[in-house]
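Just below is one structure, and these are the notes that go with it.
The values are calculated or read from the model by the stated rules, or taken from the named source; none is laboratory data. Computed from a predicted structure; not experimentally measured. Because the Cβ atoms are built from the backbone with ideal geometry, glycine has one as well, and the counts that use them run over all protein chains shown.
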Amino acid sequence: MAVPRRGLAASAAVAEPVGYVDDIAVEFATAAVVVVPLWAGAGMRVKLVEAMAARVPVVSTTLAAEGLGSVSGRHGMLAETPEALADAASALIVDRDRARSSARTAYSHASERWSIDAVTERTQALCEEAVRRRGTRANMHDLP
């Protein structure tokens, strides 16, 4: 769910549920905050990471941020009820400095963990470790 930033007044903020879109970057460009109200499910929360990478402040349930290493109040805000999610989103809308700071920190967090360079570096290290271990086992089989 994205809260648009165009003509935004804290007392008149409107949340717009967003379903399937052709280009999520367009939605992120117009959002003041992204809210991810997830109470059931599993797997990687790609949209949350994408919002962080787009430098959009995020508010989500703990489940939505599970496994991302996010810290509430630093990389976004965590809340567990619809009311608390709305309050957290409203707080970021009203306090734009806090929203910008949260978005910057979340962007750095996402870049360090999921950028192409970060993923490539980890993948290369895992491959090198696998080759090293395989080489060690192969050498053991060559012993008399």
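Values computed for the structure shown
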| item | result |
| --- | --- |
| Residues being in a helix (DSSP H, G or I) and either hydroxyl-bearing (Ser, Thr, Tyr) or surrounded by 24 or more Cβ atoms within 10 Å (Cβ to Cβ) (or both) - total across the range 76-89 | 1 |
| Long-range neighbours under 6 Å by Cβ, at least six apart or interchain, first residue basic (Lys, Arg) within the range 28-48, second surrounded by 18 or more Cβ atoms within 10 Å (Cβ to Cβ) and not in a strand (DSSP E or B) | Arg45/Ala64 |
| Residue selected from the range 50-75 under the condition touching a Ser or Thr at 6+ places or on another chain (Cβ under 7 Å) and more than 12 Å from Ala110 (Cα to Cα), by the criterion surrounded by the fewest Cβ atoms within 10 Å (Cβ to Cβ) | Arg74 |
| Residues of the range 54-72 that turn out to be in contact with a helix residue (DSSP H, G or I) (Cβ under 8 Å, 6 or more places away or on another chain), not in a helix (DSSP H, G or I) and not hydroxyl-bearing (Ser, Thr, Tyr), as a count | 8 |
| Which listed residue, of Ala2, Ala15, Ala64, Ala42, is of a type in the set (Gly, Ala, Ser) and at pLDDT 90 or above | Ala64 |
| Filter result for Asp95 (more than 20 Å from Ala25 (Cβ to Cβ), at pLDDT 95 or above and exposed (fewer than 15 other Cβ atoms within 10 Å of the Cβ)) | yes |
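Yes or no, residue by residue, for (1) in a helix (DSSP H, G or I); (2) in contact with a Gly (Cβ under 8 Å, 6 or more places away or on another chain):
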position	(1), (2)
Trp39	no, no
Met52	yes, yes
Arg74	no, no
Leu92	yes, no
